[in-house]
Amino acid sequence: MITTAGNVADITQAINLLDGVPPIAGVPGRPRRRFGVLLGDKGYDSAAFRHACRQRRTEPIIPQRGRKNIKGVGKLRYVVEQSIALLHQFRRLAVRWERHLGIHQALVTLGCALICYRRLIKEIRRS
């Protein structure tokens, strides 16, 4: 997560976010540093960002402005939108009131931890 001011476009930090992904573990061998596909909305439609993704061996799936949407991307982007909605259930995160960045990042981290804890408890009760 990278936090910026409210009036800054997301595309300005997209490459930094792409480079900040930690190693992906789970399979035997050397952990992967990159993922194969990047899903984005029309706000990330720029030739420079697409080129930066391809340089990092990541294929961008981003609909172009002024054209029809890519079929089926909405189902995949639902996961991202649901995660944002889960964070917005904490009223303090829906609108950023804190002037200090550290406080806001701490609240977002706490919100993510609570969401993971609730899902873990729900999974334990099922089994």
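Before moving on, here are some points about what is shown:
- Within region 96-127, tally of residues that are farther than 21 Å from Met1 by Cα, of a type in the set (Lys, Arg) and modelled with pLDDT of 90 or more: 2
- Summed over region 23-68, residues that are touching a strand residue (DSSP E or B) at 6+ places or on another chain (Cβ under 8 Å), hydroxyl-bearing (Ser, Thr, Tyr) and not in a helix (DSSP H, G or I) total 1.
- Every residue from region 1-20 that is part of a loop (DSSP other than H, G, I, E, B) and modelled with pLDDT under 80: Met1, Ile2, Thr3, Thr4, Ala5, Gly6, Asn7, Val8, Ala9
The values are calculated or read from the model by the stated rules, or taken from the named source; none is laboratory data. Nothing here was measured: the structure is a model prediction, and the numbers come from that model. Please note: Cβ atoms are built from the backbone with ideal geometry, for glycine as well, and neighbour counts cover all protein chains shown.
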